[in-house]
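S.K.: After the structure tokens below, expect a handful of questions from me.
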Amino acid sequence: MMIESQQRVLTGEEQYALIEGLKAKWEKVNTDYQATTHITLMDSIGKKIRKEKYEAMLALIEKDIEKLNKQQIIVDVTC
């Protein structure tokens, strides 16, 4: 049995809601990241990994927000 792909365009409201959610997530991750940046001595591997993880998450969220700011977003709604 083959499932046919169904696609639709996100509405402006859906795009806005997703962007706002990502911005809120960015704020939370950035707050956590800022709490680690005052540590000048990265004396453990865990601290260094945590800082790098925050940096990667922030970059990914920024990239996702940039993608959502495009004119038209098409999503696959196949279940």
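S.K.: Quick one: how many residues across the range 8-64 are not in a helix (DSSP H, G or I) and not β-branched (Val, Ile, Thr)?
M.R.: 7
S.K.: Across the range 6-26, what is the number of residues that are open to solvent by 70 Å² or more (accessible area, probe 1.4 Å) and among the polar types (S, T, N, Q)?
M.R.: 2
S.K.: Let me ask you something else. Six or more apart or on different chains, Cβ under 7 Å: which pairs go from a residue in the range 11-22 that's of a type in the set (A, V, I, L, M) to one that's open to solvent by less than 70 Å² (accessible area, probe 1.4 Å)? Could you list them?
M.R.: Partner pairs satisfying both residue conditions: 18/68; 19/65; 19/68; 22/61; 22/64; 22/65.
S.K.: Based on this model, can you work out whether residue 29 counts as among the aliphatic types (A, V, I, L, M), modelled with pLDDT under 90 and surrounded by 10 or more Cβ atoms within 10 Å (Cβ to Cβ)?
M.R.: No.
S.K.: Out of everything in the range 65-77 that is open to solvent by less than 60 Å² (accessible area, probe 1.4 Å) and in a helix (DSSP H, G or I), what residue ends up being farthest from residue 8 (Cα to Cα)? Explain how you work it out, then say what you get.
M.R.: As a first pass, look at the range 65-77 and keep what is open to solvent by less than 60 Å² (accessible area, probe 1.4 Å): 65, 68, 73, 75, 77.
If we keep only those that are in a helix (DSSP H, G or I) as well, we get 65, 68.
Values: 65: 19, 68: 15 Å.
Top of the filtered list is 65.
S.K.: Just for the range 37-64: of the residues that are open to solvent by less than 60 Å² (accessible area, probe 1.4 Å) and at pLDDT below 80, which one is nearest to residue 14 (Cα to Cα)?
M.R.: 37
The values are calculated or read from the model by the stated rules, or taken from the named source; none is laboratory data. Just so we're clear, the structure is a prediction, and the values are computed from it rather than from any experiment. Quick reminder, even Gly has a Cβ in these numbers, built from the backbone with ideal geometry, and neighbours come from all protein chains shown. Each accessible area value is taken on the protein alone, full model and side chains, heavy atoms only, with ligands, DNA and RNA left out. Shrake-Rupley method; radii C 1.70, N 1.55, O 1.52, S 1.80 Å.
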